[in-house]
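Have a look at the structure below, then the notes.
What follows draws every value from the coordinates through simple rules; no lab data is involved. Computed from a prediction, not measured in an experiment: that's the story for all the values here. Note: ideal-geometry Cβ built from the backbone for every residue, glycine included; neighbour counts use all protein chains shown.
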Amino acid sequence: MKTCTKCGKTFEDSNFCPACGTEVKDAPKAENGYTESDIKDNKVFAFLSYLGPLFLVPILAAPKSKYARFHANQGLVLFLAELIIALPVELLKWLNNYVFNVIFSKVFEGWLNIVPNSIGFCVDLIGIAAGALGLVLAVIGIINAFQGKANELPFIGKIKILK
Ligand SMILES: [Zn+2]
């Protein structure tokens, strides 16, 4: 959609305003297809997308920005991916601390403690690895956001929830 610079009328598919005939050129676009003004005006919203639940800010505050929306989508996907990993990890930690640990130390009188200890170690390791990966992806997204790039994140960037 274009907006006439003279009379303010909006229109599509023409280089001339249907109301007053003024020539309206396409807004300048960066290499990646987003307009330069969109990128410049919405970098901060793009950045916020990668700070956990703050992906909601660009969705609510810059709904017309394609650039902010691209990054909000990636922030949303990253947030969901972290949740999907964190929930079973936390559940397994809880089970291990309050169920497996109790069974193995009470019922088997301690001599099989290696089982809950090993489970606890693995679960902690998965949690730390997932957290570190999430942090790396967020940093990549933030750098892209400030550089005016709309690059897909590794692994999860192809998933589109926000159109
Ligand atoms: Zn006009």
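The phi-based Karplus calculation (6.51 cos²θ - 1.76 cosθ + 1.60; θ = phi - 60°) puts the 3J(HN,Hα) values of segment 42-57 at 10, 4, 5, 5, 4, 5, 4, 3, 9, 9, x, x, 5, 4, 5, 4 Hz, whole numbers, x for Gly and Pro. Helix 66-95 and the longest principal axis of the C-alpha atoms of the chain enclose an angle of approximately 10°.
Length gained on full extension, Ser105 to Ala130: 6.1 nm, using 0.36 nm per residue less the C-alpha separation. Extension gain for the segment Thr22 to Ala86, taken as residue separation times 0.36 nm less the Cα-Cα distance, is 17.4 nm to one decimal.
Too long at a 18 Å Cα-Cα cut-off: which of Lys29/Lys149; Lys29/Lys66; Lys25/Lys64; Lys64/Lys158? Kindly include the intermediate steps, with their values, before the conclusion.
Values: Lys29/Lys149 12 Å; Lys29/Lys66 12 Å; Lys25/Lys64 20 Å; Lys64/Lys158 21 Å.
From Lys29/Lys149; Lys29/Lys66; Lys25/Lys64; Lys64/Lys158, over 18 Å: Lys25/Lys64; Lys64/Lys158.
Taking 37 °C and 0.692 mPa s as the conditions, I'd like the Stokes-Einstein D for segment 6-163 in µm²/s, using the Kirkwood hydrodynamic radius from alpha carbon pairs. Calculated translational D: 174 µm²/s. Toward the positive end of the charge dipole of the chain, with +1 on the Cβ of Lys and Arg and -1 on the Cβ of Asp and Glu, the farthest Cα among Leu80, Val139, Phe47 is that of Phe47. Exposure proxy ranking for Leu78, Leu125, based on other Cβ atoms within 10 angstrom of each Cβ and starting from the fewest, stands as Leu125, Leu78. Once the convex hull of all Cα atoms in segment 1-92 is built, its volume per residue stands at 106 Å³.
May I ask for the net charge around Glu23, where only other residues with Cβ less than 13 Å from the Cβ of Glu23 are counted and Lys, Arg are +1 while Asp, Glu are -1? Mind showing how you got there, number by number?
On the way: positive: Lys2, Lys6, Lys25; negative: Asp26.
The answer is +2.
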